[in-house]
Amino acid sequence: MILVWLIAILLVAGILAEISGRISTLWPRVISLAAVILDFAIALVLWRGHSAEITLATQNEWFKEVDWSWVPQYGIHFHLAMDGLSLLMIVLTFLLGIMSVLASWNEIQEGVGFFHLNLMWILAGIVGVFLSVDLFLFYFMWELMLVPMYFLIAIWGHERRIYAAVKFFIFTQISGLLMLIAILTLYFIHHSVTGVYSYEYKDLLGTALTPHTAMLLMLGFFIAFAVKLPMFPFHTWLPDAHTEAPTAGSVILAGLLLKTGAYGMLRFVVPLFPGAAHQFAPIAMLLGVIGIIYGSVLAFGQTDLKRLVAYTSVSHLGFALVGIFAWNPIALQGVLIVMIAHGISTGALFMLVGGLQERTHTREMDRLRGLWATVPVMSGVVMFFAIASIGLPGLGDFVGEFLTLLGTYRVSLGVTVAAVIGILISTLYALKVIQRAFHGPNAHVWSLPDLGKRELLMMIPMMLILLWIGLYPQPLFRTFEPAMRKLQQYAAPQPVLTAVPETHQLSYDQNGLPGINRR
Amino acid sequence: MNATDLIAMLPLLVVTAAAVVVMVAICIRRSHLLAVWLTAAGLIVAFVSLWKAASVSPAQVTPLLIIDDYALFYIGLIIAATLVTVILSYGYLENQQGYREELYVLILTAALGSSVMVASNHFVSFFLGLEILSVALYAMNAYVCNRKLPLEAGIKYLVLAAVSAAFLLFGMALIYAQLGTLQFGQIASMLMGGIAYEKSLIYPGMALMITGIGFKLAVVPFHMWTPDVYEGAPAPVTAFVATVSKGGMVALLLRYFYETGAYRLHSVFVVFSIIAIASMIAGNLLALLQSNVKRILAYSSIAHLGYILVAFLAGGNRAAEAVTIYLVAYFVTTLGAFGVVSVLSNGERDADSIEDYESLFWRRPVLAGIFTLMLLSLAGIPLTAGFIGKFFVVASGTSSSLYGLVFVLVVTSVVGLFYYLRILVALYRSLAETAKTVPAALPSLSRSGSFVLAGLTVLLVWIGVYPGPFLDIIQHAVSTLRIF
């Protein structure tokens, strides 16, 4: 029941925000903030309260679930369930949710009520995606988060917002529909084999498929998630959408929406179609590596600060894709950390760029220059997140990328080497940002207010969290591990992992598993 | 004819009686409000009498009409949609010059024609229902006769509908000449009997009938009249044409092709596949070129009928269910969309250009919100009925492995997003950008209009979120269809 509340609180808060928006511009902000904080607290309580169940791999990996019959005639259930993976994703969702409400506190002045309605409903859709284990419900939620995002970009975005919003919508819609065909085909095949109509995740796992069908269905799912991720060559919507969206929109896009793609790959693509995924792994990893390098190179070439940050996402999520298709425990743990750390560091960068734009009304690096003199604290914070995002040891992103590379190394040396080159290029763009925008003489004579209390209130926790993940990621590993083991078990019928003593969390892969385990 | 037959026919009789009562009432006292109340009362009584009729169903009343739960379900749908049209017409006609009351007689007659169609399992009642519907529609399209466009729409519809009726009639004649029967059930057993199709008159007959049916459904290549009639006819009448007239024909299409088993004929399948693909592609692509909201909705309805044909081609009980679900969603959505158009229209012209909708959200947030939901439903986005409809259509297509058709559906429906989004973009454009072009005053919203729109919106979201109860009813209704 608590899982339903997580979503319902957001939906109701959205409606209240819209209504109260008629009276004042303050109420929608307060209501939304309260709702997201409440949800965040619930998620943390769940995490603490179930730490024993989460870390001990029990028979059933869902430690919380709600299963209501929804459309019984067609075997559709309203089935939400939570394991370690979805728990972590949800904590991230609410954390960035709080940040995005705070980030739009001053930025949004027009249609405040409706803005927060959209914001809350996007978050609700994302939570739904992370919790659904009924494929119909999953698709429902998947589509549900698009519409408010479209409005967010199209109404409150920057200059080319309409173009960006329509492009975003079309890309995600067509890929989603391909996934719908794949879901339905799987559903009917499952029915023809077992005689049961079911969209239930666990029922559909291990449906007997011919290799050819499995490959096609896998591609149907894969493309939907790859567009969201975004994977080269389906990434072209991303720079536009991220650049034109208001700050809160960019934070949610980069921090959360992209993660739904990676989550979908982890949860659905590989476990549902292990054989096909194994066959496809080299191609996926290759595309991932191309994304890593291509994203960094393009980021380096940008003059628009926000666009630059947007392209770095293409690069970072390339690591997630490579790690997922390496599919060994080390790489998967790495992917998880990449997802979380990227959400925080890129989210923070978008908020900082948004803050700069509020102050200077430009995002062009050449027009900024020499800001360090006038906004030292802000510049320092940008520096912190920029080097976090290129993977400085001691910060979260490093752990993720390191583990992903370590895991990938066991599968493919070439891919690993190429990915490392990508990291190298990322140093260039990070340095470029710092040099161009912050160092040097203050040629345009900027005189700007430094970070205010509200902004510091957002930045300091995010810096601390990154530091925490960088220095002591163990709690995250421990939360994710049983869920990961289950996923691996679904992807390979024979259990390949044995229980591991806690002190050797990262050394359990004795055999050097080659990629996805063939069924 | 005995008492049971009369009870079975009660809904049809009540609608007929209502038309006569309204006509007489107009002779005695000309009052717009009175006419609307009498019409609405007649429709509500007819709706209630469905339950009475259901107690004796299925009943074959004369060789012409079959009153089974399938027919009753569709009659209910038609009556409900007619009621919505009537209420919308009231608000719309209040702004118009000239006599208003006769429209309701025409609406009731047209509803009767459509109801006869969904209950027919005989060529005679098929044609009778179609003509009752069409003749009423000629006048309805041109009802606001002091403007040019409605007259053009009326003439266009008159000429083309008459021609297509002739095609249909000729097709029926050819089939009758070959098989010697007009009854769907007997046609089925004769088709099963195995005749040399290639040499028979069955194929030409079917082809001519499909022409006539295709015209009423407005599918490509029989769609030419649609944009002009949609644009020209008064907004509530357009809503009626889009829903009741097409819906009746879809119900009949299902019954005719499923009960005679004709949908199994390979060439029929091929012809309908081509029609479906052409409709989906042409409808969606041509809509992109329009800047008139009514014309956009016209082309989008062509595409939607293409989607329905995909489900129809899947064949079988589940497909009939999918068609019906889609149609219910389409009814609610289309009525809602044209409802918004008609409440925004004034005495001089309909609110049909995109400029009429610029920045509507900042001036009329609720109305814009309703229109948004309707457009999203047309695009098949979750939380709305359109999503459920689209889902079931895609599902029935995939279950029969019609991957080619489903693929076309997916791709073209994404093309369709462009023009729905175009209207949405206009709705939400900020006032600062459009201050010059936007008309200063909007017509005030009538109470009846807002009531109807609110009801449709609730229904739209209800079907979109919790379709279970509706599916139960639909499943039961469709199960009475005797599919060969």
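Every number in this text was worked out from the coordinates using simple rules, so none of it is lab data. Just so we're clear, the structure is a prediction, and the values are computed from it rather than from any experiment. Note: ideal-geometry Cβ built from the backbone for every residue, glycine included; neighbour counts use all protein chains shown.
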Computed about the Cα centre, the charge dipole of segment A:1-130 from +1 Lys/Arg and -1 Asp/Glu charges at the Cβ has a magnitude in debye, to the nearest 20, of 260
Expressed as an acute angle from 0 to 90° and rounded to the nearest 10, what is the orientation of the C-alpha long axis of helix A:26-49 relative to the principal long axis of chain A? 40
Whole-Hz Karplus couplings 3J(HN,Hα) for segment B:380-393, θ = phi - 60° and coefficients 6.51, -1.76, 1.60, Gly and Pro as x, run x, 9, x, 6, 10, 4, x, 5, 4, x, 4, 4, 6, 5
Computed about the Cα centre, the charge dipole of chain A from +1 Lys/Arg and -1 Asp/Glu charges at the Cβ has a magnitude in debye, to the nearest 20, of 600
With a ≥ b ≥ c taken as the square roots of the eigenvalues of the C-alpha gyration tensor of segment A:85-124, please select rounded if a/c is under 1.5 and otherwise prolate if a/b is larger than b/c or oblate if it is not? oblate
For residue B:353, which sequence-distant residues (separation of 5 or more, or a different chain) have an amide H within less than 5 Å of its own amide H, given hydrogens modelled in the peptide plane? B:293
Taking 8 Å as the Cα distance limit and 6 or more residues as the minimum spacing, I'd like the relative contact order of segment B:261-338 as a percentage. 27
Sites residue A:213 and residue A:471, calculated FRET efficiency, Cβ-Cβ separation with R0 41 Å, nearest 0.05: 0.30
If you take the Cα atoms of segment B:299-375, find Rg, then find the Kirkwood Rh from the mean of 1/r over all pairs, what is Rg/Rh? 1.12
Quick one: order B:145, B:27 by neighbouring beta-carbon count within 10 Å, fewest to most. B:27, B:145
Where the Cα pairs of segment B:168-324 fall when distances are cut into 5 Å bins, in %: 2, 9, 18, 21, 18, 14, 9, 6, 3, 1, 0
Convex hull volume per residue for the protein assembly as shown, taking Cα atoms only, in Å³: 160
Please identify the trypsin sites (Lys or Arg not before Pro) of segment B:107-186 that satisfy two criteria: DSSP loop assignment and at most 11 other Cβ atoms within 10 Å. Which are they? none
What's the exposure ranking of A:367, B:318, going from fewest to most Cβ atoms within 10 Å? A:367, B:318
Measure nothing but the geometry: give the 0 to 90° angle between the long axis through the Cα atoms of B:468-479 and the longest principal axis through the Cα atoms of chain B, rounded to 10°. 30
Computed on Cα atoms, Rg of segment A:107-170 relative to 2.2 N^0.38 Å comes out at 1.21
Over segment A:307-415: Kirkwood hydrodynamic radius from C-alpha pairwise inverse distances, Å: 14.8
Short version: ³J(HN,Hα) in whole Hz for each residue of segment A:75-90, in order, from phi by Karplus 6.51 cos²θ - 1.76 cosθ + 1.60 (θ = phi - 60°), x for Gly and Pro, what are they? x, 9, 10, 8, 10, 9, 8, 10, 10, x, 4, 5, 4, 4, 4, 6
Expressed as cubic angstrom per residue, what is the convex hull volume of the alpha carbon set of chain B? 128
proj_area_mean for chain A (convex hull on C-alpha atoms), units nm², value 21.9
Could you pull out the pairs from A:64/A:259; A:259/B:294; A:202/B:390; B:294/B:390; A:202/A:259 whose alpha carbons sit more than 32 Å apart here? A:259/B:294
When the charge dipole of the protein assembly as shown is computed with +1 at the Cβ of Lys and Arg and -1 at the Cβ of Asp and Glu, the Cα pointing farthest to the positive end, of A:82, B:217, B:365, is that of B:365
Using Cβ contacts closer than 10 Å as the measure, can you line up A:472, A:429 from fewest to most? A:472, A:429
With Cα atoms, 0 to 90° folded angle of helix A:305-326 axis to chain A main axis: 20
Set of segment A:415-451 residues, backbone N closer than 13 Å to the point 7 Å along the Cα-Cβ line of residue A:304: none
What Kirkwood hydrodynamic radius do you get for segment B:374-413 when you take the inverse of the mean 1/r over all pairs of distinct Cα atoms, in Å? 10.2
Here D for segment B:99-237, in µm²/s, from Stokes-Einstein with a Kirkwood Rh over Cα pairs at 37 °C and 0.692 mPa s, works out to 203
Size-normalised alpha-carbon gyration radius of segment A:1-123, reference 2.2 N^0.38 Å: 1.21
Considering the dipole of segment B:71-189 built from charges on the beta carbon (Lys and Arg +1, Asp and Glu -1) around the Cα centre, which of B:140, B:159, B:117 is farthest to its positive end? B:159
When the gyration tensor of segment B:1-91 is built from Cα positions, what are the square roots of 5 times its three eigenvalues, in whole Å, from largest to smallest? 27, 15, 9
Lys, Arg +1 and Asp, Glu -1 on Cβ, resulting dipole of segment B:50-153 about Cα centre, debye, nearest 20: 120
Given the candidates A:93, A:398, A:30, the one whose Cα lies deepest towards the positive end of the charge dipole of chain A, counting +1 at each Lys or Arg C-beta and -1 at each Asp or Glu C-beta, is A:398
Given Cα pairs under 8 Å that are at least 6 residues apart, what percent is the relative contact order of chain A? 15
Along segment A:249-257, Karplus-curve 3J(HN,Hα) (6.51, -1.76, 1.60; θ = phi - 60°) to the nearest Hz, with x for Gly and Pro, reads x, 5, 4, 5, 4, 6, x, 10, 4
Apply the Kirkwood formula to segment B:30-184: the hydrodynamic radius equals the inverse of the mean of 1/r over all pairs of different alpha-carbon atoms; give it in Å with one decimal. 17.0
